[in-house]
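For reference, the structure discussed in these notes is given below.
The values are calculated or read from the model by the stated rules, or taken from the named source; none is laboratory data. Computed from a prediction, not measured in an experiment: that's the story for all the values here. Cβ: placed from backbone, ideal geometry, glycine included. Neighbour counts: every protein chain shown. SASA here: full protein model, heavy atoms, side chains in, ligands and nucleic acids out. Shrake-Rupley method; radii C 1.70, N 1.55, O 1.52, S 1.80 Å.
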Amino acid sequence: MNSKIIAVSNIKGGTGKSTICANLAVALSANSKVLTIDIDKPQFTLNNYFRHKENPKFDHIKLEDENQLEQIIEDNKKYDYIIIDTPGSLNNAMKKACELADIFLTPISDSRFDLDVIGQFSPEDKKFTPGCYANIIWDARKHKLIKRKEQLKWIIVPNKLSVRITNNQRKIMILLKKMQSSLGFSLCSGVKDRVVFKELFNEGKTVFDLPPSKLNISNISAKNEIRSIIFHINNLNKD
């Protein structure tokens, strides 16, 4: 059985990696076997989320030693999805995730500072220079292709977007769309900065844990935003 190994990653902190991990895990576990692995030490935010979660339908590992990551993945091929919450910096744990993932899922906020780690746009010549994070992905792709003869796929998810579309948000989305062909990522539709994500995460829950009677329009929209990421992931794997 071939597991889909998804590293939720960005070398910039505060982009919502752990919240995305939790929501993906709960949504996917409705129909699939899911394992999450938290290698984002020392904070282990995703693991702290699990301390509050009741009766999860998926399994979780808090991994102190990232050098064990390859063996853990090898021993857990029974899972349909293995989701790795990675550090917000370039360290050994991040490098291990680079070596082993099939898909890099990168949440970014609508900030030029977030965008700079992906690529910088020059208005003069209308060209992009790959950012430091894009270069990391490029090196990981080369390594995976040479060592494993496999393609590493990269998805960018605009995250924490204002519910009301701002001019800055429009500009960032336009730049991302221009970048995607040259930098080689696939652009997913965005996830809004909804209070429900934060409130439920602190309680060890997601919008997928809410009973139908508690769903409002905002909650339904939140679920659809996470489902769009899953749709994107599964469509990539059909290529």
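Is it the case that Lys192 is within 25 Å of Ile118 (Cβ to Cβ), under 16 Å from the mean Cα position of the chain (by Cα) and open to solvent by 30 Å² or more (accessible area, probe 1.4 Å)? Judged against the criteria, Lys192 is a match. Of everything in segment 154-185 that is of a type in the set (Val, Ile, Thr) and surrounded by 17 or more Cβ atoms within 10 Å (Cβ to Cβ), the residue that is nearest to Ile217 (Cα to Cα) is Val157.
When segment 98-120 is limited to residues that are in a helix (DSSP H, G or I) and of a type in the set (A, V, I, L, M), the one that is nearest to Asp80 (Cα to Cα) turns out to be Leu100. Restricted to segment 17-46, and to residues there that are among the basic types (Lys, Arg) and outside any helix (DSSP H, G or I), the residue that is most open to solvent (accessible area, probe 1.4 Å) is Lys33. Hey, can you tell me all the residues within segment 80-96 that are more than 17 Å from Thr15 (Cβ to Cβ), buried (at least 20 other Cβ atoms within 10 Å of the Cβ) and of a type outside the set (A, V, I, L, M)? Listed by number, the residues that qualify are Tyr81, Lys96. Among the residues of segment 47-67, just one is open to solvent by 90 Å² or more (accessible area, probe 1.4 Å) and in a helix (DSSP H, G or I), namely Asn67. Within segment 121-165, being in a strand (DSSP E or B), out of contact with any helix residue (DSSP H, G or I) (no Cβ under 7 Å at 6 or more places or on another chain) and among the β-branched types (Val, Ile, Thr) holds for one residue alone: Thr129.
Examine segment 59-70 for a residue that is under 23 Å from Lys223 (Cβ atoms) and touching a residue at least 24 places away in the same chain (Cβ under 8 Å), and state whether such a residue exists. The answer is yes, given that some residue of segment 59-70 is under 23 Å from Lys223 (Cβ atoms) and touching a residue at least 24 places away in the same chain (Cβ under 8 Å). Do we have Leu175 as more than 18 Å from the chain's Cα centre (by Cα) and in contact (Cβ under 8 Å) with a residue 60 or more places away in the chain here? Judged against the criteria, Leu175 is a match. Counting just the residues of segment 121-153 that are of a type in the set (D, E, K, R) and surrounded by 10 or more Cβ atoms within 10 Å (Cβ to Cβ), which one comes out nearest to the chain's Cα centre (by Cα)? So the residue we want is Lys153.
Listed by first and then second residue, the pairs linking a residue in segment 180-191 that is in a helix (DSSP H, G or I) to a residue that is open to solvent by 20 Å² or more (accessible area, probe 1.4 Å), with Cβ atoms under 8 Å apart and 6 or more places separating them unless they lie on different chains, are Gln180/Ser186; Gln180/Leu187; Ser182/Phe128; Leu183/Phe128; Leu183/Pro130. Name every residue in segment 196-217 that is in contact (Cβ under 8 Å) with a residue 40 or more places away in the chain and either open to solvent by 60 Å² or more (accessible area, probe 1.4 Å) or touching a Lys or Arg at 6+ places or on another chain (Cβ under 6 Å) (or both), in order of residue number. Those that are in contact (Cβ under 8 Å) with a residue 40 or more places away in the chain and either open to solvent by 60 Å² or more (accessible area, probe 1.4 Å) or touching a Lys or Arg at 6+ places or on another chain (Cβ under 6 Å) (or both): Lys198, Asn202, Glu203, Gly204, Lys205, Val207, Asp209.
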